[in-house]
Amino acid sequence: MYPTIQIPFEFTPFSVMSKTEAKEYYEWFLSIIPQRIELLQEYVELSGSHVQLDFSQDSLISLWEWFIPRIEQKKKTIEEIKEELDLVPDWMRPEVEQNVLKFSRDTETQIIDIGIYFSSVLIHSSNKLKWVVINKPRNHVDVNQPLLAGTGKIRLNPIRVVDVCTARALNDVGNINMLSDLYVWWREKLLNH
């Protein structure tokens with residue numbers, strides 16, 4: 001079983017976090033980055049893989065190739081589907097009703113850790129990249145979440161990017177370059193826009 005992430009305080013959803021709560025979460029998140037990368041490396045090695053998380057672009061290819069066959073899904077409960085249905089407009093209900101699968105807890109945690117590693121590879125590539133948090137506007141999709149920023153206004157939520165890539169990988173299993181390609185794309189956007 002993959003090591004879970006334990007938040008040492010009561011977690012408030014990002015959309016309703018106060019500025020103080022967002023700062024506390026942000027500082028805690030930054031503090032666990034080295035540990036989460038180390039746990040990911042240990043888990044990869046325990047699986048028998050020789051992937052080295054050396055913060056290189058090539059390591060993203062090896063890591064993604066390792067991760068793809070380990071993506072697990074499980075059925076959502078009736079309660080989870082009902083909760084989702086309560087949150088969406090009527091025109092989206094058929095799609096929610098058809099989407100009965102979600103990632104397993106292990107996969108969700110690996111997505112977070114791979115997102116952390118992905119962002120760390122970007123940060124190691126340029127001293128112009130750094131972690132930030134935005135508190136406004138309150139309706140921003142990434143409000144109060146740790147994001148990567150570069151020289152312009154573009155911000156990256158690396159965990160969201162890896163989550164989307166993981167969903168795409170279910171249909172594009174052979175694309176071991178997906179994360180590396182996104183590294184190139186996001187590095188360009190963060191440093192030049």
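The values are calculated or read from the model by the stated rules, or taken from the named source; none is laboratory data. Computed from a predicted structure; not experimentally measured. Methodologically, a virtual Cβ is constructed for each residue, glycine included, from the backbone with ideal geometry; neighbour enumeration extends over all protein chains shown.
Checked across the stretch 81-93, the condition of being touching a residue at least 12 places away in the same chain (Cβ under 8 Å) and touching a strand residue (DSSP E or B) at 6+ places or on another chain (Cβ under 9 Å) holds for no residue. Quick check on the stretch 119-168: of everything there that is under 30 Å from V100 (Cα atoms) and touching a Lys or Arg at 6+ places or on another chain (Cβ under 7 Å), which residue is modelled with the highest pLDDT? Selected residue: L147. Please state which one of D58, D54 is free of Cβ contacts under 8 Å to residues at least 40 places away in the same chain, among the acidic types (D, E) and closer than 27 Å to R187 by Cα. Among D58, D54, only D54 is free of Cβ contacts under 8 Å to residues at least 40 places away in the same chain, among the acidic types (D, E) and closer than 27 Å to R187 by Cα.
For beta carbons closer than 7 Å, sequence separation of 6+ or different chains, a first residue in the stretch 15-34 that is under 19 Å from L53 (Cα atoms) and a second that is in a helix (DSSP H, G or I) and at pLDDT 95 or above, the qualifying pairs are I33/I116; I33/S120.
One line per residue, one yes/no per condition, for (1) under 23 Å from D172 (Cβ atoms); (2) polar (S, T, N, Q):
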{"position": "E65", "(1), (2)": "yes, no"}
{"position": "P69", "(1), (2)": "yes, no"}
{"position": "P89", "(1), (2)": "no, no"}
{"position": "N99", "(1), (2)": "yes, yes"}
{"position": "E108", "(1), (2)": "yes, no"}
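Number of residues in the stretch 125-142 that are assigned to a loop (DSSP other than H, G, I, E, B), of a type outside the set (S, T, N, Q) and surrounded by fewer than 18 Cβ atoms within 10 Å (Cβ to Cβ): the value is 8.
Residues checked against (1) closer than 28 Å to D181 by Cα; (2) under 20 Å from the mean Cα position of the chain (by Cα); (3) of a type outside the set (G, A, S):
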site: V44; (1), (2), (3): yes, yes, yes
site: S59; (1), (2), (3): yes, yes, no
site: F67; (1), (2), (3): yes, yes, yes
site: D86; (1), (2), (3): no, no, yes
site: K102; (1), (2), (3): yes, yes, yes
site: I116; (1), (2), (3): yes, yes, yes
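Residues in the stretch 133-186 that are more than 19 Å from Y25 (Cβ to Cβ) and among the acidic types (D, E): 2 in all.
Within the stretch 143-176, being surrounded by 15 or more Cβ atoms within 10 Å (Cβ to Cβ) and in a loop (DSSP other than H, G, I, E, B) holds for V143, N144, Q145, G150, I154, N157, N175, I176.
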